[in-house]
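Since every read-out is calculated from the coordinates, none of them should be taken as a lab result. Please read these numbers as outputs of a predicted model, since none were measured by experiment. Here the Cβ positions follow ideal geometry from the backbone for every residue, glycine too, while neighbour counts run over all protein chains shown.
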Amino acid sequence: MTDPQTELVPALSAPDPQQRLQAALQIGIRADPRDLGALVARCETEPDFFVRDMLTWALTRLPAEDTVPRLISELDSAVPQAISQALHTLSKIGDRRGWQAQDPRRIGDRLIAHPDTEVARSAWRSAAALVPGDEREDLAEVLITQLGRGDVEMQKSLSRTVVALGEDLVSVLDEKLLAEDDTVRAHAMATREMFADPDAGFAHALAAAKRVVALGPETTI
């Protein structure tokens, strides 16, 4: 009789993404801790978004006492995708150890300010999902150091993350509203608008903020 272990794990590397997706699904259903290494390794290289999402689901099905330490070790990887997938999966598991491993007060801003765009965005979302309630303001203070970074989509991602921490934190933006850098100031203004109206379109809010910045410091939005 063929051991399913020997059938499914190799299928994670099959040329057909549908086959890889089915393999990840079946591995998740059986939830065998012996699959942990293979799942984590595949997260590092899997090119398909939907397969990666299924790999994350499969990992959440395994015992946290095994999975969380392994994912935390991935945060030191030299491969950006390995880091971003580990962060994403930690946020889905929701274990406090996941927060401790990325707490900016413990490790600085090396994840939140990571040079790789996807790692940084994953770090923002994961930190916001895992941060304890009484540490939200500390996290917001670190996140706003990234205001002005990247294109519109990246800036929108950061603003949504900051806003998701709670409307009581809008004051963390006050200093950035006076920043010398026009891009940072406009991003801070747009984020403040999202605090006031979370359903407002970010691109519209950012465009309005840029017009205000261009008109000078006496103008408000």
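The table that follows gives values for the structure above.
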read-out: Cα-Cα pairs of segment 140-221 separated by more than 23 Å (percent); value: 8 percent
read-out: Residue with peak Gaussian network fluctuation, the chain [Cα springs, cutoff 10 Å], from 30, 52, 61; value: 30
read-out: Hydrodynamic radius of segment 6-124 per Kirkwood, over alpha carbon pairs, in Å; value: 14.3 Å
read-out: Over the chain, relative contact order from alpha-carbon pairs under 8 Å, at least 6 apart, %; value: 11 percent
read-out: Stretchable slack from residue 41 to residue 57, in nm (0.36 nm times residue separation minus alpha-carbon distance); value: 4.3 nm
read-out: Burial ordering of 9, 51, fewest other beta-carbon atoms within 10 Å first; value: 9, 51
read-out: Derived scalar couplings ³J(HN,Hα) [segment 148-153; Karplus, 6.51 cos²θ - 1.76 cosθ + 1.60; whole Hz; x for Gly, Pro]; value: x, 7, x, 7, 4, 5
read-out: C-alpha center-to-center spacing [segment 11-59, segment 151-182] in angstrom; value: 35 Å
read-out: Equivalent ellipsoid semi-axes, the chain, via Cα gyration tensor eigenvalues times 5, rooted, Å; value: 39, 18, 13
read-out: Helical mean residue ellipticity (222 nm; -39500 (n - 2.57) per DSSP H run of 4+; nearest 500) of the chain; value: -20000 deg cm²/dmol
read-out: In degrees, nearest ten, helix 64-74 long axis to first principal axis of the chain (Cα); value: 60 degrees
read-out: From phi via Karplus (6.51, -1.76, 1.60), per-residue ³J(HN,Hα) for segment 120-128 in Hz, x at Gly/Pro; value: 4, 5, 5, 5, 4, 5, 5, 4, 5
read-out: Residue-by-residue Karplus 3J(HN,Hα) for segment 196-201, coefficients 6.51, -1.76, 1.60, Hz, glycine and proline x; value: 6, 9, x, 8, 5, x
read-out: Sequence of 156, 92 once ranked by neighbouring C-beta atoms within 10 Å, starting from the fewest; value: 92, 156
